[in-house]
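K.L.:
Take this structure, written in structure tokens, and hold onto it; I'll ask about it next.
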Amino acid sequence: MKTSNKFFNFLTLLMAAVPAVVLISIIVFVVYYSIPSIKYNGISFFTTYLWNPGFQFQAPIIRHGVPAPAGSSFGLDLFLLGTLSTSALAIFIAFPVSFLVSLNVELYLPARIKKFVVSMIELFAGIPSVVYGLWGIIVLEPLLFNNIEPWMAQHLSFIPGFKGEIYSGAGLIASGIILSFMITPIVTSVIVNSFDTVPKEVKDGLFSLGATKWEVGKYLITRYSRASTVGGTLLGIGRALGETMAVLMVSGAVTNVLPSNLYSATNTMAAAIASLLDSAFTDSTGMNLAALAELAMVLMLIALAASVIGRKIAGRGALRGYESD
């Protein structure tokens, strides 16, 4: 084998190993910095929602062999609840919209207009999250506070979670809506690409049997493109779980207060890490930073679990634009 070929093979092997090395390095880094928090908090980290950085002006205490600020305690329940609830609401909103948009693009639009619409949808995925957050503060929050949430509280109060005090417009609903805007392009793009892989003979055969466009779309989404649909939805969930800035701007970013209804302010694991990181560096014991590292570790495990489970259910092809039955 020529020297140039050997060098090229080595280079490609090295580049292929980079993602695995980076991922393992991140895992090792997060776990290592989480060790003091794991020792200090133990199981209480998963059983309480109180997050108290402690008193920096008092002498540190020693618990389980690690120093920490006096009076400090750390629990992720509030942030975990906020992460799961906002992501679930985002998928609840985004999936029907993505399906209807994909169905319309695939079956109702002419080819030229279809390409333009798909390009516009994909461009939405490139909008910075801070822009969504700014729009949420200026437009969405006042709209929710003055119009939508009062109507919901008045007419839907018989449904659990819809009854209660309305705050400022920032909170669970605003976060879910903003996240749905951000993940809809991803889910829509995957579903549209999946529809494109369906052989024309399949579609023509369904139409020849008397099926309507709506019935053809339901068949494609429930049978032929099911795996790709699941894959696109999982990609959207991954974006929602890790989204930081936009959620931080519209969620209310509360701590130590559990939401009492859909209008309550909330917080997520990613947003909490971003908002609490600066003050964590003022802790001379490093415990606040270690607690945030443990929070990041839990978030990373959830995201990795969603990815692994998604690949088991949908198959690798769902994330690559084709089916693998």
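Read-outs throughout are calculated quantities, based only on the coordinates presented, and are distinct from any laboratory measurement. Worth saying up front: this structure is predicted, and the values here are computed from it rather than measured. Cβ atoms come from the backbone with ideal geometry, glycine included; neighbour counts cover every protein chain shown.
K.L.:
Which of [x] 40, 30, 16; [y] 30, 27, 15; [z] 30, 23, 18 is the computed semi-axes √(5λ) of the Cα gyration tensor in Å for the structure on display?
P.N.:
Label [x] holds the value from this structure.
K.L.:
Can I ask one more? What is the distance, in nm, between label points placed 7 Å from the Cα along the Cα-to-Cβ direction at S284 and at F57?
P.N.:
Between S284 and F57, the label points sit 1.4 nm apart.
K.L.:
Roughly how tilted is helix 3-41, in degrees to the nearest 10 and between 0 and 90, from the longest Cα axis of the chain?
P.N.:
Value to nearest ten degrees: 40.
K.L.:
Also: Tell me the angle of helix 269-280 to the major Cα principal axis of the chain, expressed in degrees between 0 and 90 and rounded to the nearest ten.
P.N.:
Taking the Cα atoms of the chain, the angle to 269-280 is about 30 degrees.
K.L.:
Just to be sure I understand: with springs between alpha-carbon atoms less than 10 Å apart, which residue in A227, A17, A305 has the highest mean-square fluctuation in the Gaussian network model of the chain?
P.N.:
A17
K.L.:
For segment 1-69 and segment 130-187, write down the distance between their C-alpha centroids in whole Å.
P.N.:
Each part's Cα centre sits 35 Å from the other's.
K.L.:
Continuing with the same structure: Using Cα springs under 10 Å in a Gaussian network model of the chain, which residue among F99, F162, F116 shows the largest mean-square fluctuation?
P.N.:
Maximum fluctuation in the GNM of the chain, among the listed residues, is at F116.
K.L.:
If we sort 173-183, 145-155 on the protection proxy, mean other Cβ atoms within 10 Å, highest first, what's the order?
P.N.:
The densest-packed peptide leads the list: 173-183, 145-155.
K.L.:
What is the angle, in °, between the Cα long axis of helix 77-107 and the longest principal axis of the Cα atoms in the chain? Nearest 10 is fine, range 0 to 90.
P.N.:
Approximately 10 degrees, to the nearest 10.
K.L.:
Number of Lys-Lys pairs in the chain under 21 Å by Cα, sequence gap 8 or more or different chains?
P.N.:
11
K.L.:
Sort K6, K213, K200 so that the residue with the fewest other Cβ atoms within 10 Å of its own Cβ comes first and the one with the most comes last.
P.N.:
The order, fewest Cβ neighbours first, is K200, K6, K213.
K.L.:
A20 versus T212, label points 7 Å from Cα toward the beta carbon: distance in nm?
P.N.:
Roughly 5.2 nm, to one decimal.
K.L.:
In whole Å, what is the distance between the alpha-carbon centres of segment 84-99 and segment 196-263?
P.N.:
Cα centres, segment 84-99 to segment 196-263: 7 Å.
K.L.:
So for the chain, averaging the separation of alpha carbon pairs under 8 Å that are six or more residues apart and normalising by length, what relative contact order in percent results?
P.N.:
Result for the chain is 25 percent.
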